[in-house]
Structure formats: C-alpha cells, structure tokens
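Undergrad: Sending over a structure as structure tokens; questions will come in a sec.
Read-outs: derived from the displayed coordinates by stated rules, not from any lab. The structure presented is a predicted model; accordingly, all values stated were derived computationally and were not measured. Neighbour counts run over all protein chains shown; Cβ positions are idealised from the backbone, glycine included.
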Amino acid sequence: MYKEIIICSIVIIIVISLNILTENYTKESVALMTGNLENLKENMISEKQNEEDLNNQIDDIVDNWNEKYKKLAYYIEHDELEKVKTELVLLKGNIEVKEYEQGIPNVNNCIFILQHIKEKTALQIKNIF
C-alpha cells in the first residue's frame, strides 16, 4: 500500500509539473506572437508604410511561428495551430500584394485564435469539466 501511494504521488507531481511547463511555454509563445502581430498591425495602419519593413516583419513572424509550432504541436490540437498558420499565410499574401486594409482582419483573427489557444490550455475549472 505504501508503494502505491508513493508511485501515485510521483505521477501526480510529474503531471502537474509538465502542465505548468507547457502552460508557461504557451503563454510565452502567445505573448510573443501577439506583440509581433500588434506591431505589424500598427505599421500596416500607419501612413508611412514601408513595404520592405512589412515584408521583413511578416517573414520574421512566420519564422517565429514555425519554431513555436514544432513544440506546441506536441500538446495542443493541430486544428487550432493550423488556424493560426492559415491566417498568417493570408496575411502574408495581403502584404505581398499591398492590400494592407484587407490584412488587418487577418491580424485580428490571428490574435483572437492565439488568445483562444492560451485560454483553452490554461488549467482552469471550466477547462477541467
């Protein structure tokens, strides 16, 4: 009986520790991506739009997302992550053809999806039941 309690305790500690690690990584990733997208949105709205800067920004954002995607895909549904990737591809296309006003809803959708992912993976009572 004593061994079973120790084993169960160790398993519970491991599960809680991994949950804390994954939640922190998710929060960090979402905060980074959201900040980058907000900066891009501000540059898209501004009157002094520099095409080269916008293209560089979106390339950096896509590269960052691809790096984060590899780790997030281990514990988050792929459908949720692919929604972000889809919005980024649409946004990149709008920037390439200089349709900045059509790209702003893509930025907003991407931020919304990222916030949804963060809330969905958080350890909360509403997510447990």
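Undergrad: Collect the residues in segment 32-49 that are surrounded by fewer than 16 Cβ atoms within 10 Å (Cβ to Cβ), assigned to a helix (DSSP H, G or I) and charged (D, E, K, R), keeping them in residue-number order.
TA: 38, 42
Undergrad: Tell me whether segment 52-73 contains one or more residues that are closer than 30 Å to residue 16 by Cβ, free of Cβ contacts under 8 Å to residues at least 40 places away in the same chain, outside any helix (DSSP H, G or I) and among the charged types (D, E, K, R).
TA: no
Undergrad: Between 29, 9, which is part of a helix (DSSP H, G or I), surrounded by fewer than 16 Cβ atoms within 10 Å (Cβ to Cβ) and among the small types (Gly, Ala, Ser)?
TA: 9
Undergrad: Within the group 52, 67, 119, which residue is surrounded by fewer than 16 Cβ atoms within 10 Å (Cβ to Cβ) and either among the polar types (S, T, N, Q) or more than 12 Å from the chain's Cα centre (by Cα) (or both)?
TA: Matching residue, one of 52, 67, 119: 52.
Undergrad: Okay, next question. What is the number of the single condition among (1) touching a residue at least 40 places away in the same chain (Cβ under 8 Å); (2) in a helix (DSSP H, G or I) that residue 88 does not meet?
TA: Against the list (1) touching a residue at least 40 places away in the same chain (Cβ under 8 Å); (2) in a helix (DSSP H, G or I), residue 88 comes up short only on (1).
Undergrad: Taking the options 22, 86, name whichever one is more than 11 Å from the chain's Cα centre (by Cα), surrounded by 12 or more Cβ atoms within 10 Å (Cβ to Cβ) and within 15 Å of residue 113 (Cβ to Cβ).
TA: 86
Undergrad: Quick one: is residue 83 touching a residue at least 60 places away in the same chain (Cβ under 8 Å) and of a type in the set (Lys, Arg)?
TA: Criteria not met by residue 83.
Undergrad: Okay, moving on. Considering every residue within segment 93-104, establish whether at least one is among the acidic types (Asp, Glu) and within 17 Å of residue 122 (Cα to Cα).
TA: Within segment 93-104, none of the residues are among the acidic types (Asp, Glu) and within 17 Å of residue 122 (Cα to Cα).
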